[in-house]
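Report on the following structure.
Since every read-out is calculated from the coordinates, none of them should be taken as a lab result. All of these numbers come straight from a predicted model, not from anything done at the bench. Methodologically, a virtual Cβ is constructed for each residue, glycine included, from the backbone with ideal geometry; neighbour enumeration extends over all protein chains shown.
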Amino acid sequence: MSILIGANTTFIVQGITGREAVNLTRECLDYGAGAKIVGGVTPGRKGRDVHGVPVYDTVAQAVEAHGGPIDGSVVTVPPAFTKDAVFEAIENEVKLIVIVTERIPRRDVAEMVELGATRDARIIGPNCLGIIVPDVIKMGGIGGPAKNAAQAYSPGPIGVLSRSGGMTTEMSSTLSAAGLGQSTAVSIGGDAIIGSTYSELMPLFEADPQTEGIVIYTEPGGRMEAALAAWVIDNNCRMPIVAFMAGRFMDDMPGMSFGHAGTIVEGKEDTAAEKIARLADAGITVAEEISEIPDIMKSKLPSHVEHMQPPKLSTPEWTRGGVRP
C-alpha cells in the first residue's frame, strides 16, 4: 500500500502548457506504469494537448470530459494566480492538490490551506516537488526524469518526509542503496506556511500496513518538529523514526538565513539544538549524517522482518539535487 496516491489515482496539471509543466507531465507519464493524467488546464488553450494529455480552459471542463470526479491536481501556475487555481480545483471537488509554485504570498497560502480544510481537500506544498510511490506513480517533479527517479527510489517499508524536494531524493537514494525501499516519499514544501506538516501526515503512515519506519529531513525554523514530537508521544507511534537536521550551524550564527523560506528562527524553540532535544525526548533518533540513517533504521526495525532489496548498481545523475525544494 501507500499514502495519498496509488496506481489508480487520476490527476490534472494546472498550468500544463508552461515549460516546467510540460517537462513535469512527461516525467510523470513515463514513470512506473504511467500516471493517469486525465487533463491539463490553461485558460485559452482548450483543444491543444501536451504529450497526448488534452488541455482545457477550466477545471470544470476537465472534470466534465473525464466523466466524474478527478482525484488530484498538480498546480504549476505563476504565484499571482496560484490561489485562484487552487480555489478552482477545490470548488470542483479535487481532494489532493500538490502545489509546485514558489514565492506565493503568505496570505494567499493561508487562505488556500483554510479553504482546503473546510472542504476536506489535502494540500501538499507549496514550494514542493510532490509525491512518489516507488515503481508505481509520481505526482509532481519529484525525482526528476523517470529514469533518474527509478534509480533513486525503490519499493519498501520506509516512509520519507522532507521539507526539501532535492533531499527527499537524496535520502531515498541512500536508503535504496542500503536495501531499504520506500512506501511513499513526500516533499512537503519549504515555506513557512504549508498545507500538510509532518504531524498531519503521520496518521496516514501510521494506518498504512506497508510502512514500518519513517525518515525525516528537517531544518531550523518553525514549530513542525515540536508538533511531530507531541504527536508521536500522544499517539504512542508504532514506527521508529529517524531524522536528519540540516543547518545546525545556524545556532552559532544569529541572523543567518538558510535554505527555505520556512527556516526563520524566531526564538530558542526554533533552533536546531532545541528541535533535536524535542525529537529525542519523543524517542526520535537524529542522525549526525545522512549516510548513518540506513544503519540506524535497520537497528530499529523488527529483527524478524526481512527488508533487504538488491542494491542500486548506478548513481543517479541528479537533475534536481541539492538542498532545494
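Distance between the modelled labels on LYS95 and ARG48, one decimal in nanometres: 3.2 nm (7 Å Cα→Cβ projection).
May I ask you to derive the relative contact order of the chain, considering only C-alpha pairs under 8 Å and at least 6 residues apart, and to give it as an integer percent? Numbers along the way, then the final one.
Numbers: 749 pairs, mean separation 52.5, N = 325.
Contact order relative to length: 16 percent.
The number of Lys pairs in segment 10-300 with C-alpha atoms less than 27 Å apart, excluding pairs fewer than 8 positions apart on the same chain, is 15.
What FRET efficiency do you get for ARG106 and ASP30 if R0 is 45 Å and r is their Cβ-Cβ distance, rounded to the nearest 0.05? Walk me through the numbers before you get to the answer.
Details: r = 35 Å, r/R0 = 0.77.
E between ARG106 and ASP30, to the nearest 0.05, is 0.85.
Taking 45 Å as R0, compute the FRET efficiency from the Cβ-Cβ separation of SER299 and GLU114 and round it to 0.05. Could the numbers behind the result be given before it?
Working: r = 42 Å, r/R0 = 0.92.
After rounding, the FRET efficiency stands at 0.60.
Which FRET efficiency value, to the nearest 0.05, is calculated for ALA60 and SER291 with the Förster distance at 45 angstrom and r the Cβ-Cβ distance? Provide the component values of the computation, followed by the final result.
On the way: r = 49 Å, r/R0 = 1.09.
Efficiency, from the Cβ-Cβ distance: 0.40.
Once the piece of chain linking ALA207 and ARG223 is laid out straight, how much longer is it, given 0.36 nm per residue of separation minus the C-alpha distance between them?
Values: separation 16, 0.36 × 16 = 5.76 nm, distance 2.40 nm.
Here the segment from ALA207 to ARG223 would lengthen by 3.4 nm.
Each label was represented as a point 7 Å from its Cα along the Cα-to-Cβ direction; for ALA7 and ASP135 these points are 1.1 nm apart.
Going by C-beta contacts inside 10 Å, put CYS28, CYS237 in order with the fewest on the left.
Working: CYS28 28, CYS237 19.
Listing CYS28, CYS237 from fewest to most nearby Cβ atoms yields CYS237, CYS28.
Which length gain, in nm to one decimal place, applies between GLU20 and ILE233 when the Cα-Cα distance is subtracted from 0.36 nm times their residue separation?
On the way: separation 213, 0.36 × 213 = 76.68 nm, distance 4.09 nm.
This chain segment gains 72.6 nm when fully extended.
Run through segment 89-192 and list the trypsin sites (Lys or Arg not before Pro) located in a DSSP loop whose Cβ has at most 12 other Cβ atoms within 10 Å.
Details: sites: LYS95, ARG103, ARG106, ARG107, ARG119, ARG122, LYS138, LYS147, ARG163; in loops: LYS95, ARG103, ARG119, ARG163.
Taking segment 89-192 and a limit of 12 other Cβ atoms within 10 Å, the loop trypsin sites (Lys or Arg not before Pro) found are ARG103.
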